[in-house]
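Step one of this worksheet: look at the structure below.
The values are calculated or read from the model by the stated rules, or taken from the named source; none is laboratory data. Since this is a predicted model, take the numbers as computed values, not measurements. Neighbour counts run over all protein chains shown; Cβ positions are idealised from the backbone, glycine included.
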Amino acid sequence: MIIKDWCSYCGACAGVCPKNCIEVKETNLVFDEDECSEKCDICIKTCPLHALEKQ
Ligand code: SF4
Ligand code: SF4
């Protein structure tokens, strides 16, 4: 997944990730690619700004 320019860093995606593999760091999102093994796409569907998409 990538962050597009319109991410507001609200943290909603990090809050819903069942694997806890998204961390919001000020103006960056850090993904733990190893933990995100299921590719459930919950984060993509949750983002109110559509800032995430599959890589
Ligand atoms: S839910 Fe969307 S806008 Fe909010 S931090 Fe995640 S990617 Fe950014
Ligand atoms: S696809 Fe699922 S497991 Fe991977 S970062 Fe998004 S919510 Fe987490």
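Values as computed for the structure displayed
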item	result
Residue list for the range 16-27, filter: without any contact (Cβ under 8 Å) to a residue 24 or more places away in the chain and over 11 Å from CYS47 (Cβ atoms)	LYS19, ASN20, CYS21, GLU23, VAL24, LYS25, GLU26, THR27
Unique match (being at pLDDT 95 or above and surrounded by 12 or more Cβ atoms within 10 Å (Cβ to Cβ)) among CYS13, CYS36	CYS13
Test: residue in the range 28-47 that is outside any strand (DSSP E or B), away from ligand 2 (no atom under 11 Å from the Cβ) and without any contact (Cβ under 8 Å) to a residue 24 or more places away in the chain	no
